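Quick one: structure below, then a few questions.
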Amino acid sequence: MKNIIYYFSGTGNSLRAAETIAEKIGGAVLYSVRCDPEQVSARDADMIGFVCPVYEWDIPGSFKTFISELYINPDAYIFMVATHIAVLGRSFETVEAILSEKGAHLSYGRALHCVASQCTAYPPFPPENLMIPYMERQMKKAGEEIAQKKARNYPRMSSFTRRRFQKVMGPYLAVEHEYDKGFYTNDRCIGCGTCAKVCPNRNIRILNKRPVWNHHCHGCNACVVYCPTKAIQFKTPKAYQELGTFISRILCLPEKRKRYHHPLIKAKDLMRDKTEISHSTQ
Ligand SMILES: Cc1cc2nc3c(=O)[nH]c(=O)nc-3n(C[C@H](O)[C@H](O)[C@H](O)COP(=O)(O)O)c2cc1C
């Protein structure tokens with residue numbers, strides 16, 4: 001039995017979900033979106049999973065590209081788990097559309113309600129002490145269902161969200177490449193390069209012991225929340241100031257704001273491109 005899970009994760013919720021599911025299904029190889037899809041294709045996998053956060057009512061753009069470039073065994077049991085806070089939008093439909101071009105289909109889709117990860121917009125919510133145990137239960141439940149190869153219809157975008165998608169999300173997606181112009185470091189930066197190593201998009205290079213962002217950022221905040229000295233700061237970029245939307249107005253990163261990442265996912269976990277998980281006895 002060969003199980004493969006592909007994941008994108010910025011603040012660890014999705015990686016924690018992928019790891020938990022892998023344990024429950026009797027073990028799996030986990031590949032980060034940072035891998036070259038042609039090198040990690042699922043030609044002969046029996047079970048294939050996609051685990052990622054919802055961004056802007058969809059899946060992160062780099063994960064879309066990654067899945068599009070994968071070879072998929074269409075006869076495999078294929079599942080998708082999306083972590084999110086409120087609105088799933090077209091996340092599952094996006095993956096189903098990519099798979100159907102390869103003659104494959106989602107057998108199982110589940111959304112997991114998690115702690116909000118966008119610390120450049122708002123403090124983490126709901127409270128971690130309530131959410132982490134709840135998230136663990138949901139992740140285990142998803143793993144148990146997937147282990148039984150249950151069929152589960154994936155959540156669809158509501159007609160309310162569908163009607164508003166372009167109007168609400170279009171402006172953000174149009175300026176997304178400007179987002180990382182808001183990042184800079186203060187004098188706490190020690191040039192350790194953790195930010196570059198945890199970035200799922202390989203968007204950061206270290207130049208003269210300082211990070212440089214290369215405008216392929218989805219705003220996942222891995223660099224911000226895993227910086228060991230909290231040196232990464234954020235100032236709303238001009239393109240976002242000009243949007244004048246509610247979210248663009250609240251963008252900021254106060255010194256005292258908690259920089260949430262999943263408590264069980266450390267920087268070293270996000271730095272790995274490949275992780276082999278074995279069966280859980282719990
Ligand atoms: C840039 C950004 C956009 C987001 N957009 C949405 C969204 O449209 N809907 C939603 O429910 N959650 C949204 N979230 C919340 C994340 O989906 C959620 O916190 C997720 O669990 C983060 O996963 P990770 O810890 O694996 O990065 C967004 C978070 C970020 C950072």
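Across the stretch 125-200, how many lysine pairs separated by 8 or more positions, or lying on different chains, have Cα atoms within less than 16 Å?
4
Now, a different point. Charges on Cβ only, +1 for Lys and Arg, -1 for Asp and Glu, centred on the Cα centroid of the stretch 166-250; of Cys192, Leu243, Cys220, which one is farthest towards the dipole's positive end?
Sorting the options by dipole projection puts first Cys192.
How far is helix 91-100 tilted off the main Cα axis of the chain, in degrees rounded to 10, range 0 to 90?
Taking the Cα atoms of the chain, the angle to 91-100 is about 50 degrees.
Pull up all non-local amide H partners of Phe50: gap of 5 or more, or a different chain, and H-to-H distance under 5 Å with H placed in the peptide plane.
For Phe50, the qualifying residues are Tyr6, Phe79, Met80, Val81.
Treat every Asp and Glu Cβ in the stretch 6-161 as -1 and every Lys and Arg Cβ as +1, leave all other atoms uncharged, and give the resulting dipole magnitude about the Cα centre to the nearest 20 debye.
420 debye
Given only helices, namely DSSP H runs of n ≥ 4 each adding -39500 (n - 2.57), what is the per-residue ellipticity at 222 nm of the chain, to the nearest 500 deg cm²/dmol?
-9500 deg cm²/dmol
On a 0 to 90 degree scale, rounded to 10, what angle separates helix 13-24 from the longest Cα axis of the chain?
Result, in degrees: 20.
Please arrange Lys150, Lys256, Lys167 by accessible surface area, largest first, computed with a 1.4 Å probe and ligands excluded.
Solvent-accessible surface, decreasing: Lys256, Lys167, Lys150.
Turning to a different aspect of this structure: With everything on Cα atoms, drop me the angle between helix 128-147 and the longest principal axis of the chain, reported from 0 to 90° to the nearest 10.
30 degrees
Rounded to the nearest 10 Å², what accessible area does Asp36 show when all protein chains are kept and the probe is 1.4 Å?
Accessible area, nearest 10 Å²: 80 Å².
Run the quick spin-label model on Cys252 and Glu144: label points 7 Å from Cα toward the beta carbon, then report their separation in nm to one decimal.
In this crude label model, Cys252 to Glu144 measures out at 4.5 nm.
Aspartates and glutamates within cross-link reach of Lys238: Cα-Cα under 20 Å, excluding same-chain residues under 8 positions apart?
Glu56, Glu176, Glu178, Asp180
Could you derive backbone 3J(HN,Hα) for the stretch 77-86 from the dihedral phi with the Karplus parameters 6.51, -1.76 and 1.60 (θ = phi - 60°), listing whole Hz in sequence and x where the residue is Gly or Pro?
Going residue by residue, I get 7, 10, 10, 9, 10, 10, 9, 6, 10, 8 Hz, with x marking Gly and Pro.
From the phi of every residue in the stretch 200-214, what ³J(HN,Hα) in whole Hz does the Karplus formula 6.51 cos²θ - 1.76 cosθ + 1.60 yield, where θ is phi - 60° and glycine or proline is x?
After applying 6.51 cos²θ - 1.76 cosθ + 1.60, I find x, 9, 6, 9, 10, 10, 9, 10, 6, 6, 9, x, 10, 8, 10 Hz.
May I ask you to compute the full-extension gain from Glu276 to Asp36, defined as 0.36 nm times their residue separation minus their alpha-carbon distance, rounded to one decimal in nm?
Length gained, Glu276 through Asp36: 84.7 nm.
Stretch Ile190-His216 to full length: gain in nm at 0.36 nm per residue minus the Cα-Cα span?
Full extension from Ile190 to His216 adds 7.0 nm.
At 7 Å along the Cα-to-beta-carbon direction for both Lys266 and Phe160, put a label point, then send me their distance in nm to one decimal.
Placing both labels 7 Å beyond Cα along the Cβ direction yields 4.3 nm.
Between Asp46 and Leu207, what length in nm is gained on full extension when 0.36 nm per residue of separation is reduced by their alpha carbon distance?
Full extension from Asp46 to Leu207 adds 53.7 nm.
Probe 1.4 Å, all protein chains in place: accessible area of Lys141 in Å², nearest 10?
90 Å²
Roughly what % of DSSP beta bridges within the chain run antiparallel, to the nearest 5?
Looking only at bridges with both residues in the chain, the antiparallel portion is about 35 percent.
Please list, ordered by chain and number, the residues whose modelled amide H lies under 5 Å from the amide H of Arg272; skip anything fewer than 5 residues away on the same chain.
Those lying under 5 Å, H to H, from Arg272: there are none.
Which ³J(HN,Hα) values, rounded to whole Hz and listed in residue order, are derived for the stretch 190-199 from phi using the Karplus coefficients 6.51, -1.76 and 1.60 in 6.51 cos²θ - 1.76 cosθ + 1.60 with θ = phi - 60°, glycine and proline given as x?
10, x, 6, x, 4, 4, 5, 6, 8, 5
Sort by residue number and name the cysteines in the chain that have no neighbouring cysteine Cβ under 4.7 Å.
Cys35, Cys52, Cys114, Cys119, Cys189, Cys192, Cys199, Cys217, Cys220, Cys227, Cys252
So if I place +1 on the C-beta of Lys and Arg and -1 on the C-beta of Asp and Glu, and nothing else carries charge, what would the dipole magnitude of the chain be about its Cα centre? I want it in debye, nearest 20.
Once rounded to the nearest 20, the dipole reads 820 debye.
While we're here: Using a 1.4 angstrom probe with every protein chain in place, what is the largest-first accessible-area order of Tyr71, Tyr134?
Final ranking, largest accessible area leading: Tyr71, Tyr134.
Quick check: the distance between the Cα centres of the stretch 224-240 and the stretch 108-161, to the nearest angstrom?
The stretch 224-240 and the stretch 108-161 have Cα centres spaced 26 Å from each other.
Enter the accessible area of Lys102 (Å², nearest 10), with the probe set to 1.4 Å and all protein chains included.
60 Å²
What size of dipole, in debye to the nearest 20, comes out for the stretch 166-250 about its Cα centre when the only charges are +1 on Lys and Arg C-beta atoms and -1 on Asp and Glu C-beta atoms?
In total the dipole reaches around 220 debye.
The values are calculated or read from the model by the stated rules, or taken from the named source; none is laboratory data. No experiment lies behind these values; they were computed from the predicted model shown. Heads up, the Cβs are rebuilt from the backbone with ideal geometry, glycines too, and the neighbour counts pull from every protein chain shown. Note: accessible area is taken over every heavy atom of the protein model, side chains too, but ligands, DNA and RNA are not part of it. Shrake-Rupley method; radii C 1.70, N 1.55, O 1.52, S 1.80 Å.
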